[in-house]
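Chemist: Shown below is the structure under consideration.
The values are calculated or read from the model by the stated rules, or taken from the named source; none is laboratory data. Please read all numbers here as calculations on a predicted model, not as lab measurements. Note that we place each Cβ from the backbone using ideal geometry, even for glycine, and neighbour counts take in every protein chain shown.
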């Protein structure tokens, strides 16, 4: 009986140690937040139109700020998952999200999600391509797509034609506005 009690104690002790080790392993290494700077899309679009240009460049920092704003507006991205910090990097039409999360209001963890970006008027849709909890692969189906709003922050008369993904920037191409559209923007006489 004494051996059984000692054996159970050792097993419980090992389970507690392994659980503590797992929690320590998945905790975030980086100190991330959801602070962002507003991206003045409307002002930039109006300046672009005044130059009679149909292209607007969004940098990786701009997309980082737009994505952070999207998450800051709704940090509960999945059931029982709240994002407490994020950083996004752009490489072509792929965006990598380093996220600090809290699961079930108790367990802090670090996620890295790679999204494939595509344009669906009036937003950029970020579809999950891969996800990792530290170095552990997770099924992409565990996470939903994210919406990065762009079109809603532009003057109503400017309509996005398409986006061209560069290495660390996105070129936003607009449809050619009519003379009437330009008059409504008070760009010509």
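Chemist: Please work out which residue is farthest from residue 98 (Cα to Cα), limiting yourself to the range 133-166 and to residues that are at pLDDT 85 or above and in a loop (DSSP other than H, G, I, E, B).
Modeler: The selected residue is 166.
Chemist: Here's something else I'd like to know. For the range 1-95, please list each of the helices (runs of 4 or more DSSP H) lying entirely inside it that holds at least 1 residues being over 26 Å from the mean Cα position of the chain (by Cα).
Modeler: Helices (runs of 4 or more DSSP H) meeting the threshold: 2-26, 41-50.
Chemist: Of all residues in the range 111-132, count the ones that are modelled with pLDDT under 90 and touching a helix residue (DSSP H, G or I) at 6+ places or on another chain (Cβ under 7 Å).
Modeler: 3
The rows are residues; the columns are (1) under 17 Å from residue 152 (Cβ atoms); (2) at pLDDT below 80; (3) surrounded by 11 or more Cβ atoms within 10 Å (Cβ to Cβ).
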position	(1), (2), (3)
17	no, yes, no
24	no, yes, no
39	yes, no, yes
49	no, yes, yes
54	no, no, yes
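Chemist: Of the conditions (1) surrounded by fewer than 18 Cβ atoms within 10 Å (Cβ to Cβ); (2) touching a residue at least 40 places away in the same chain (Cβ under 8 Å), residue 137 fails just one. Which one is it?
Modeler: Unmet condition: (2).
Chemist: Taking the stated definitions as given, is residue 98 modelled with pLDDT of 85 or more, under 16 Å from residue 83 (Cβ atoms) and not in a loop (DSSP other than H, G, I, E, B)?
Modeler: In short, yes.
Chemist: Return the residue satisfying two criteria in turn: it lies in the range 106-117 and is more than 17 Å from residue 59 (Cβ to Cβ) and either crowded, with 19+ Cβ neighbours inside 10 Å or without any contact (Cβ under 8 Å) to a residue 24 or more places away in the chain (or both), and of such residues it is farthest from the chain's Cα centre (by Cα).
Modeler: Among residues in the range 106-117 that are more than 17 Å from residue 59 (Cβ to Cβ) and either crowded, with 19+ Cβ neighbours inside 10 Å or without any contact (Cβ under 8 Å) to a residue 24 or more places away in the chain (or both), the one farthest from the chain's Cα centre (by Cα) is 106.
Chemist: Sticking with this one: Can you tell me which residue within the range 56-88, out of those that are modelled with pLDDT of 90 or more and in contact with a helix residue (DSSP H, G or I) (Cβ under 8 Å, 6 or more places away or on another chain), is surrounded by the fewest Cβ atoms within 10 Å (Cβ to Cβ)?
Modeler: Checked the range 56-88; the qualifying residue surrounded by the fewest Cβ atoms within 10 Å (Cβ to Cβ) is 87.
Chemist: Hey, can you tell me all the residues within the range 167-181 that are in contact with a strand residue (DSSP E or B) (Cβ under 8 Å, 6 or more places away or on another chain) and either closer than 29 Å to residue 27 by Cβ or not in a loop (DSSP other than H, G, I, E, B) (or both)?
Modeler: The answer is 169, 170, 171, 172, 173, 174.
Chemist: A further question follows. For residue 29, state whether it is in contact (Cβ under 8 Å) with a residue 24 or more places away in the chain and more than 28 Å from residue 165 (Cα to Cα).
Modeler: So residue 29 fits the description; yes.
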